[in-house]
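The values are calculated or read from the model by the stated rules, or taken from the named source; none is laboratory data. Given the structure is predicted, the values throughout are model-derived calculations rather than measurements. Virtual Cβ from ideal backbone geometry, glycine too; neighbours counted across all protein chains shown.
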Amino acid sequence: MNARDQFHVGIVVPSITSAKKELTELFGYVWGEEVSARTRVEFPSGTSEIDLTLVYSATTPRLELVQRVPDTVWEPAIGSGVHHIGFWSDDVAGDAAKLEAARFEFEASGVDPDGNALWSYHRSSSGPRIELVTRLLEPMLEALWAASA
């Protein structure tokens, strides 16, 4: 894990449409295509399927807006819109173990059909939530961002 691998800041919002409009009007952000998918997610309590909707900015520094999902980890952060800081990872499981050893509690992980982690959330008691995202997703996300630019 390295600071240069930080690539986005995630914000959970009640309405992606409203948040995009506001951030575009205020700061001139341009947005990629909205993505919605039923996603297999592992939580400490077990595995569930969650409907997730998100959009990344094509503009940098990159923002990710995530539609609120009630009663999950995807609730707006109290007192701040920042939900997580996202980092590329060449080894999500290994980097997750390092975070856990540093007392960042595991919250959730998106997994592929073979059970491999595509991303994971970890939270410390005194700092921001960290999202690790497999670098294998980088070409797909870069294509989304390029199509929007």
- Residues that are of a type outside the set (Val, Ile, Thr), within 21 Å of Arg40 (Cα to Cα), modelled with pLDDT of 90 or more and out of contact with any Asp or Glu (no Cβ under 8 Å at 6 or more places or on another chain), drawn from segment 76-109: Asp90, Asp91, Ala93, Gly94, Asp95, Ala96, Ala97, Glu105, Glu107
- Message: Let me confirm something: among Ile11, Ile50, Ile85, which residue is under 15 Å from the mean Cα position of the chain (by Cα) and buried (at least 18 other Cβ atoms within 10 Å of the Cβ)?
- Response: Ile11
- Query: List pairs: first in segment 134-149 and surrounded by 14 or more Cβ atoms within 10 Å (Cβ to Cβ), second part of a helix (DSSP H, G or I), Cβ under 6 Å, 6+ apart or cross-chain?
  - Reply: Thr134/Val92
- Regarding Val69, is this residue surrounded by 13 or more Cβ atoms within 10 Å (Cβ to Cβ), under 15 Å from the mean Cα position of the chain (by Cα) and outside any strand (DSSP E or B)? yes
- Scan segment 51-74 for residues that are without any contact (Cβ under 8 Å) to a residue 60 or more places away in the chain, aliphatic (A, V, I, L, M) and under 20 Å from Thr17 (Cβ atoms) and jot them down. Leu52, Leu54, Val55, Leu63, Leu65, Val66, Val69
- Could you list, in sequence order, the residues of segment 22-44 that are more than 25 Å from Val73 (Cβ to Cβ) and free of Cβ contacts under 8 Å to residues at least 60 places away in the same chain? Thr24, Glu25, Leu26, Phe27, Gly28
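Given the structure, is Tyr56 over 24 Å from Glu105 (Cβ atoms) and assigned to a loop (DSSP other than H, G, I, E, B)?
On the way: over 24 Å from Glu105 (Cβ atoms): yes; assigned to a loop (DSSP other than H, G, I, E, B): no.
Answer is no for this residue.
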- Query: Does Ala117 qualify as being closer than 18 Å to Ala37 by Cα and surrounded by 15 or more Cβ atoms within 10 Å (Cβ to Cβ)?
  - Reply: yes
- Kindly provide the set of residues from segment 93-139 that are of a type in the set (Val, Ile, Thr) and farther than 19 Å from Val9 by Cβ, ordered by number. Val111
- Assess whether Thr39 counts as being on the phi < 0 side of the Ramachandran plot, out of contact with any helix residue (DSSP H, G or I) (no Cβ under 6 Å at 6 or more places or on another chain), among the hydroxyl-bearing types (Ser, Thr, Tyr) and assigned to a helix (DSSP H, G or I). no
